[in-house]
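Engineer: One structure is given below, represented as structure tokens, and several questions about it will come after.
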Amino acid sequence: MLRIQHLDDIDDAKLEEVLWGAAMANDTVILTTLNAAWSEPGSVLDVFLESFRAGESTRELLDHLVIVSLDSAAHERCGQVHRHCFVLVAGGVNFSGQKNFMTDGYLKMMWSRINFLGQVLEKGFSFIFTDTDIVWFRNPLPHFYLDGDFLIACYHFTGDPDDLSNAPNGGFAYVRSNSETIEFYRFWYAAREKHPGLHDQDVLNSIKNDSFVAELGVKIKFLSTELFGGLCEPSRNMSRVCTMHANCCIGLSRKISDLDAMLRDWRRFMALPQDDKHSVSSWTVPRNCSVQTSETGAIEQRGSYLSA
């Protein structure tokens, strides 16, 4: 059996305290990670939290959100604006600045996150992981597949949630805590050593077809972009959309601008008479974001703390 190498200096007792404080009745928490660059006033964090307050049946989900800060500045800011905060220290690595895609600092940050999420599963907590550059419009929980263990968003949805050719987008996922997912996260984290220089998402894209994953029996499902959209493939149904991700977007200032625009689009939609809402299917974004994708979505630079 594989074992996760636990992060250095993690306050295990504090982590359990925070998770129990935020957990839903079924021991599920919502997790996001944050560094100083994205936590500053007027930056991504503010839009992210505001979306919960503006969405349908999402405000109460803030009670179950844990912001995992990757540096002390982000942790301090979290304490000013949110209830459930945890600071993650990974072997003395400084995660406070904007991390350019695929640099050494970026890769360490992404793999520290996978390691951390595996530990959350080991403690018996299921989780929804969300990048902070996602706006929440509706409660996603009713839309999760009951027969899935590992549910993940994708850049382009083929129409079949079981189709492994869907390209996974690690910025949004729902993972049930069970023996299969715990072992899956151990395998995923260990696989970084066989794929040096790749980030977690590319390694996931590689191992999803691995025979070991099939033997584990972990049930992988892909989430429709109609419900869980992004700039790579926006939802075309504002009457159903749950989340929108500022993926396929290079540059922090551009992300903030287009996230703000999504929130304005949502508010305009919600202000319409009910009969008029069915005719609205498009967003005013991307505006400032440059949409660039490869077949795997790797070029879009998701989930990182990017330089403008």
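Engineer: Output the number of residues of region 165-179 satisfying the condition of being closer than 10 Å to Ala153 by Cβ and of a type outside the set (A, V, I, L, M, F, W, C).
Structural biologist: So the count comes out to 6.
Engineer: Residue check: is Lys99 of a type in the set (D, E, K, R), modelled with pLDDT under 95, part of a loop (DSSP other than H, G, I, E, B) and open to solvent by 20 Å² or more (accessible area, probe 1.4 Å)?
Structural biologist: Numbers: of a type in the set (D, E, K, R): yes; modelled with pLDDT under 95: yes; part of a loop (DSSP other than H, G, I, E, B): yes; open to solvent by 20 Å² or more (accessible area, probe 1.4 Å): yes.
In short, yes.
Engineer: Can you work out which of the residues in region 264-308 that are within 17 Å of Gly230 (Cα to Cα), open to solvent by 60 Å² or more (accessible area, probe 1.4 Å) and basic (Lys, Arg) is modelled with the lowest pLDDT?
Structural biologist: Of everything passing the filter in region 264-308, Arg287 is modelled with the lowest pLDDT.
Engineer: Of all residues in region 103-131 being in contact with a Gly (Cβ under 8 Å, 6 or more places away or on another chain) and surrounded by fewer than 20 Cβ atoms within 10 Å (Cβ to Cβ), which is modelled with the highest pLDDT?
Structural biologist: Leu107
Engineer: Checking Asn209 against (1) open to solvent by 20 Å² or more (accessible area, probe 1.4 Å); (2) closer than 23 Å to Thr58 by Cα, only one condition comes out false. Which one?
Structural biologist: Failing condition for Asn209: (2).
Engineer: For region 228-276, how many residues meet the condition of being among the charged types (D, E, K, R), touching a Pro at 6+ places or on another chain (Cβ under 9 Å) and over 18 Å from Phe172 (Cβ atoms)?
Structural biologist: Keep residues of region 228-276 that are among the charged types (D, E, K, R), which gives 233, 236, 240, 254-255, 258, 260, 264-265, 267-268, 275-276.
Remaining after also requiring touching a Pro at 6+ places or on another chain (Cβ under 9 Å): 254, 258.
So of that shortlist, the ones also over 18 Å from Phe172 (Cβ atoms) come out as 254.
Summing the residues that are among the charged types (D, E, K, R), touching a Pro at 6+ places or on another chain (Cβ under 9 Å) and over 18 Å from Phe172 (Cβ atoms) in region 228-276 gives 1.
Engineer: Every residue in region 161-201 that is charged (D, E, K, R), open to solvent by 40 Å² or more (accessible area, probe 1.4 Å) and out of contact with any strand residue (DSSP E or B) (no Cβ under 8 Å at 6 or more places or on another chain), please.
Structural biologist: The first filter runs over region 161-201 and keeps only residues charged (D, E, K, R), leaving 162-163, 176, 180, 183, 186, 192-194, 200.
Going one step further and asking which of them are open to solvent by 40 Å² or more (accessible area, probe 1.4 Å), we end up with 162-163, 176, 180, 192-194.
Residues satisfying the conditions are Glu180, Arg192, Glu193, Lys194.
Engineer: While we're looking at this one, here's another question. Which one is nearest to Lys123 (Cα to Cα), of the residues in region 144-160 that are within 18 Å of the chain's Cα centre (by Cα) and surrounded by fewer than 20 Cβ atoms within 10 Å (Cβ to Cβ)?
Structural biologist: As a first pass, look at region 144-160 and keep what is within 18 Å of the chain's Cα centre (by Cα): 144-145, 148-157.
Restricting the remaining residues to those that are surrounded by fewer than 20 Cβ atoms within 10 Å (Cβ to Cβ) gives 144-145, 148, 156.
Numbers: Phe144: 22, Tyr145: 23, Gly148: 20, His156: 33 Å.
Here the residue is Gly148.
Condition check ((1) touching a Gly at 6+ places or on another chain (Cβ under 6 Å); (2) within 23 Å of Thr130 (Cβ to Cβ)) across all residues:
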| site | (1), (2) |
| --- | --- |
| Ile152 | no, yes |
| Tyr155 | yes, yes |
| Ala167 | yes, yes |
| Thr181 | no, yes |
| His195 | no, no |
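Engineer: State the number of residues belonging to region 50-70 that are surrounded by fewer than 17 Cβ atoms within 10 Å (Cβ to Cβ), under 20 Å from Pro142 (Cα atoms) and of a type outside the set (A, V, I, L, M).
Structural biologist: 6
Engineer: Looking only at residues that are in contact with a Lys or Arg (Cβ under 9 Å, 6 or more places away or on another chain) and assigned to a strand (DSSP E or B) in region 32-65, which one is farthest from Cys85 (Cα to Cα)?
Structural biologist: Among those residues, the one meeting the criterion is Glu56.
Engineer: In addition: Within the set of pairs 6 or more residues apart or between chains, which connect a residue that is in a helix (DSSP H, G or I) inside region 211-232 to a residue that is open to solvent by 40 Å² or more (accessible area, probe 1.4 Å) and at pLDDT 95 or above with Cβ atoms less than 8 Å apart?
Structural biologist: Every condition considered, the pairs that remain are Leu216/Glu180.
The values are calculated or read from the model by the stated rules, or taken from the named source; none is laboratory data. Keep in mind it's a predicted model, so treat the numbers as computed, not measured. Glycine also receives a Cβ, built like all others from the backbone with ideal geometry; neighbour counts cover every protein chain displayed. Just so you know, the surface numbers come from the protein's heavy atoms only, side chains and all, with ligands and any DNA or RNA stripped out. Shrake-Rupley method; radii C 1.70, N 1.55, O 1.52, S 1.80 Å.
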